[in-house]
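Below is one structure, written out as structure tokens; comments come after it.
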Amino acid sequence: MHFTVNYQRGHEDPKSGPVRVGWCLTEVEAPVIYDPPRRVNSRDARKDHAKSAARCPAVLNLEARYFEIPCPFDLNLGFARDDKGRPTLRNLSGGSSAIRGSTLGKRVSITNESEWRHPDRPMIQLRLPYIFLADEPVYLTQLDAYLHYRRQPLPGTIFGGRFPIDVWPRPLMWAFEWHDPDQPIIIRRGEPLFYCQFECDHPERNVQLVEAEMTPELKGYLDHISGAVNYVNQTFSLFEAAERVRPTTLVSPRKP
């Protein structure tokens, strides 16, 4: 028996050309330390030979679809417990640290021990001000910067995630599960924290990343959906309600 299946997307012509994704920063102290997202590429790779791996179309096509978020400041963190047995973070750089301990504590935190996925693997979060937006269906996938070589591997894994940025734009964070808390977390400023990959209706479309304005309409929408995770377990159930109040346009390219 033989079956033939035809799939039709709809009566409208499919969109073509690059999909435009906007990015901007929320209100944050010292925004100058947060570098723009960077497209992943083999910056130092040799490309003089015609058969060089750095010129392979498959390699270039893959790298072109990843954007990396750089670390805004040096991290040199250790895990400890206080005299009451509560988990804490230590800034192992001490007095030589480029960032004040009080400032570091505002950006990096350890989650409640009852929320850890495993009792022996602490979870920490680095809050970031990056927001990604789109005016057509686009999903953002956050994944580990696996193409970046580290002389000292991180003692754990990051938490990835996937959500629609046309309906649910939100500030990103770097969440880390500390598999070996006896080893420090060392990341230098400028090194990639993670990659962002964007999925749209047609996988062959490229991504055009533009810096967007934080317009009053966008800020109002962000205020409307922010904090929902504190009240609802399954925030994806709120997408339909969010769409009803979503402004027509979220991405307004920033003027030079």
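As a length-normalised measure over Cα pairs under 8 Å and 6 or more apart, the relative contact order of region 123-254 settles at 32 percent.
Amide H contacts for residue 210 (H built 1.01 Å from N in the peptide plane; partners 5 or more residues away or on another chain; cut-off under 5 Å): 21, 22, 23. Placing dummy labels 7 Å off each Cα toward the beta-carbon, the span from residue 88 to residue 237 is 3.9 nm.
Quick one, what does Rg over Rh come out to for region 83-128 if you take C-alpha atoms and the Kirkwood Rh? Before the final figure, lay out each step's value.
Details: Rg = 12.1 Å, Rh = 12.0 Å.
So for region 83-128, dividing Rg by the Kirkwood Rh gives 1.01.
In summary, the aspartates and glutamates within cross-link reach of residue 84, defined as a Cα separation below 16 angstrom excluding same-chain residues under 8 places away, comprise 113.
For residue 193, the amide hydrogen comes within under 5 Å of the amide hydrogens of 69, 71, counting only partners 5 or more places away or on other chains and with H modelled in the peptide plane.
Annotation: amide H of residue 40 within the under-5 Å range of 66, 67, 68, sequence separation 5 or more or interchain, hydrogens built in the peptide plane.
Counting only alpha carbon atoms, the long axis of helix 216-225 and the longest principal axis of the chain meet at about 70°.
For region 126-165, the set of chymotrypsin sites (Phe, Trp or Tyr not before Pro) satisfying both a DSSP loop assignment and a count of at most 11 other C-beta atoms within 10 Å is given as 146, 149. Of all the options 24, 196, 56, the one that moves most in a Gaussian network model of the chain with Cα springs shorter than 10 angstrom is 56. Taking the Cα centroid of region 87-103 and of region 136-183, what is the distance between the two, rounded to the nearest whole Å? The two parts, judged by their Cα centres, are 23 Å apart.
Please report the relative contact order for region 93-144, taking Cα pairs under 8 Å with a sequence separation of at least 6, and give it as a percent rounded to a whole number.
About 27 percent, as a whole number.
In order along region 244-251, the phi-based Karplus estimate (6.51 cos²θ - 1.76 cosθ + 1.60, θ = phi - 60°) of 3J(HN,Hα) comes to 5, 10, 5, x, 4, 10, 9, 8 Hz; Gly and Pro are listed as x.
So if each residue of separation counts as 0.36 nm, and I subtract the Cα-Cα distance between residue 25 and residue 63, what length gain in nm does that give? If you can, show how the numbers build up before the last one.
Details: separation 38, 0.36 × 38 = 13.68 nm, distance 2.39 nm.
Separation in residues times 0.36 nm, less the Cα-Cα distance, equals 11.3 nm.
Take 80-91, 62-73 and order them by the average number of nearby Cβ atoms within 10 Å per residue, most first; the result is 62-73, 80-91. Nonpolar atom fraction for the chain, defined as the carbon and sulfur part of the 1.4 Å probe accessible area, stands at 50 percent. Annotation: per residue accessible area for the chain equals 62 Å², rounded to a whole number [probe 1.4 Å, protein chains only].
Express the relative contact order of region 149-214 as a whole percentage, based on alpha carbon pairs under 8 Å and six or more residues apart in sequence.
Values: 31 pairs, mean separation 22.2, N = 66.
The value is 34 percent.
The values are calculated or read from the model by the stated rules, or taken from the named source; none is laboratory data. Because the structure is predicted, anything quoted here is derived from the model rather than measured. FYI the Cβ positions are ideal-geometry reconstructions off the backbone, even for glycines, and counts take in every protein chain you see. Heads up: the accessible areas ignore ligands, DNA and RNA and are worked out on the full protein's heavy atoms, side chains in. Shrake-Rupley method; radii C 1.70, N 1.55, O 1.52, S 1.80 Å.
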